[in-house]
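Since the structure comes first, as structure tokens, the remarks are kept for the end.
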Amino acid sequence: MSSVSIIGLGNMARALAGRALAGGNAVEIIGRDQAKAKEVAAALDGATVGTPGTAPAGDIVVLAVPYASAAAVVGGYGDALRGKVVIDITNPVSPDLQGFVTPEGSSGAQEIAKAAPDGAHVVKAFNTLFSHVLAAGPAGGREVDVFIAGDDARAKARVSAFVESLGLRPLDTGPLPMARALENTGLVMLGLVAHSVKHTDFSLGVTLLG
């Protein structure tokens with residue numbers, strides 16, 4: 001099992017932490033609001049509380065913060081992230097949900113990687129799952145897929161093992177530039193919510209034929 005530090009206190013952070021604990025992983029919750037972080041950890045039963053700005057305890061560090069602050073958070077930790085696997089779950093969409101706030105040709109994960117120290121390995125994952133779908137996990141015999149992208153094979157293997165411990169299926173999409181495609185998939189999902197599906201009780205995945 002993995003040792004995981006989750007930076008953030010929102011719905012995705014809670015959903016990931018709950019599934020991680022159920023899968024036998026050690027979980028540290030980190031948030032700027034220490035009182036809220038303690039409340040979240042207490043509700044999860046088994047999570048510990050970390051101190052913002054100090055080295056995360058986990059070998060895997062999950063950025064469960066808004067994209068607007070993600071690179072700054074990574075930069076703030078600096079060398080404390082050296083040797084860590086950093087999972088970026090963000091979707092850097094523009095306020096009108098029509099595009100992205102990242103530079104042309106780049107992705108949120110790639111911009112976060114630029115802010116990370118040498119020896120930290122950024123992996124894109126979980127950005128195509130709504131928090132309540134993640135929290136519920138597989139049901140009715142269906143797989144819940146987690147698409148990942150990253151440049152370091154060992155880092156992706158560690159993320160894949162972590163995903164499997166949550167009862168979910170990891171699907172490697174390739175190197176970190178593929179995060180652009182995954183973030184576009186996240187935007188497609190928001191478009192479906194706005195224009196056709198009209199709710200968030202769904203996930204996108206792969207059905208293997210034959």
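The values are calculated or read from the model by the stated rules, or taken from the named source; none is laboratory data. These numbers were taken from a predicted model, which means no experiment stands behind them. Cβ atoms come from the backbone with ideal geometry, glycine included; neighbour counts cover every protein chain shown.
Observations
- Qualifying residues in the range 154-180 (those that are hydroxyl-bearing (Ser, Thr, Tyr) and part of a helix (DSSP H, G or I)) - the one farthest from the chain's Cα centre (by Cα): 165
- Every pair of residues 6+ apart whose Cβ atoms lie under 6 Å, when the first sits in the range 103-118 and is in contact (Cβ under 8 Å) with a residue 60 or more places away in the chain while the second is of a type in the set (Gly, Ala, Ser): 107/179; 109/179
- Qualifying residue in the range 40-47 (condition: under 22 Å from residue 150 (Cβ atoms), out of contact with any Pro (no Cβ under 9 Å at 6 or more places or on another chain) and crowded, with 21+ Cβ neighbours inside 10 Å): no
- The range 5-32 residues that are at pLDDT 95 or above, paired with ones that are surrounded by fewer than 23 Cβ atoms within 10 Å (Cβ to Cβ) and basic (Lys, Arg) (beta carbon under 7 Å, 6 or more apart): 9/36
- Residues of the range 151-167 that are more than 24 Å from residue 106 (Cα to Cα) and touching a helix residue (DSSP H, G or I) at 6+ places or on another chain (Cβ under 8 Å): 162, 165, 166, 167.
- Residues of the range 20-30 satisfying the condition of being in a helix (DSSP H, G or I) and either surrounded by fewer than 21 Cβ atoms within 10 Å (Cβ to Cβ) or among the acidic types (Asp, Glu) (or both): 21, 22
- All positions within the range 97-145 that are crowded, with 19+ Cβ neighbours inside 10 Å and basic (Lys, Arg): 124
- Residues being more than 17 Å from residue 60 (Cα to Cα), touching a Gly at 6+ places or on another chain (Cβ under 7 Å) and part of a loop (DSSP other than H, G, I, E, B) - total across the range 98-153: 6
- Residue in the range 75-96 that is nearest to residue 166 (Cα to Cα), counting only those that are out of contact with any Gly (no Cβ under 7 Å at 6 or more places or on another chain) and in a loop (DSSP other than H, G, I, E, B): 89
- Scanning the range 187-205 for residues that are part of a helix (DSSP H, G or I) and of a type in the set (Phe, Trp, Tyr) yields a count of 0.
- Qualifying residue in the range 64-78 (condition: more than 14 Å from the chain's Cα centre (by Cα), over 24 Å from residue 102 (Cα atoms) and either surrounded by fewer than 24 Cβ atoms within 10 Å (Cβ to Cβ) or of a type in the set (S, T, N, Q) (or both)): no
- Hits in the range 48-63 (condition: closer than 18 Å to residue 158 by Cα and part of a loop (DSSP other than H, G, I, E, B)): 56, 57, 58, 59
- Taken together, 165, 203, 196 contain a single residue that is hydroxyl-bearing (Ser, Thr, Tyr) and without any contact (Cβ under 8 Å) to a residue 24 or more places away in the chain, which is 196.
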